[in-house]
Structures are given as C-alpha cells and as structure tokens.
Amino acid sequence: MKRWRGLKDLVQDAVDHGATAIEKVHRTSAATPFQLLEQVPGLERPARVAHGLHDLALSGSYGMVRLVTRQVGKAIDQVLDVMEAPSACEP
C-alpha cells in the first residue's frame with residue numbers, strides 16, 4: 001500500500017504543480033493582447049473588464065482542477081485505509 005500511496009501523491013503533485021504552471025503561462029500569454037486593447041481609445045474600459053473576467057475565469061478553472069485533484073486524493077487515501085484494515089483482507 002505504501003507504493004500506491006506514493007504513486008497517488010506523485011500524480012496528485014504533478015497535476016497540482018502542472019495546473020499552476022499552465023495557469024501562469026496561460027495568464028501571461030493572454031495578458032499581451034489585453035494590454036494592447038487597453039491602450040486603444042474607447043476600448044480601455046471594456047478591455048479592462050474583459051481582462052478581469054478572463055483572469056477570474058482562469059483562476060476559477062485552474063483552481064477547480066487543483067480542488068478536484070485534492071478531493072480525489074483524499075478519496076483514494078480513504079480507499080487505501082480501508083484496504084489496509086485487517087478486516088478488509090479477511091474472507
């Protein structure tokens with residue numbers, strides 16, 4: 001079971017850190033077009049609003065990936081706890 005827990009931790013960490021890294025790249029890539037639009041007369045305010053909404057949706061989406069990953073990790077831990085219990089192995 002120790003190896004299963006290690007594998008679970010490894011996958012969970014990879015998804016968590018991967019989502020964080022991809023979120024950063026996504027946010028940085030999207031910033032340039034928004035910044036350019038924010039400099040166009042008459043589009044400053046709508047572009048700032050769209051930029052804010054984009055960043056909020058981005059944070060929510062990647063945050064949800066991390067949240068679900070943590071919850072799945074907790075569920076797997078519970079399953080492994082049950083499997084390790086002496087009564088789980090008895091016929």
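Quick notes on this one:
- Candidate set from region 22-48 (those that are among the hydrophobic types (A, V, I, L, M, F, W, C) and exposed (fewer than 11 other Cβ atoms within 10 Å of the Cβ)); member that is nearest to the chain's Cα centre (by Cα): Val25
- The set of residues in region 29-87 being small (Gly, Ala, Ser) and either touching a residue at least 60 places away in the same chain (Cβ under 8 Å) or not in a helix (DSSP H, G or I) (or both) consists of Gly42, Gly73, Ala85.
- Scanning region 1-21 for residues being in contact (Cβ under 8 Å) with a residue 60 or more places away in the chain and surrounded by 12 or more Cβ atoms within 10 Å (Cβ to Cβ) gives a total of 5.
- Qualifying residue in region 33-41 (condition: touching an Asp or Glu at 6+ places or on another chain (Cβ under 6 Å) and over 30 Å from Gly6 (Cβ atoms)): yes
Any read-out appearing in this document is the output of simple, stated calculations on the displayed coordinates, not a laboratory observation. Treat the numbers as computed from the prediction; the structure is a model and nothing was measured. In this analysis, Cβ positions are derived from the backbone assuming ideal geometry, glycine residues included, and neighbour counts consider all displayed protein chains.
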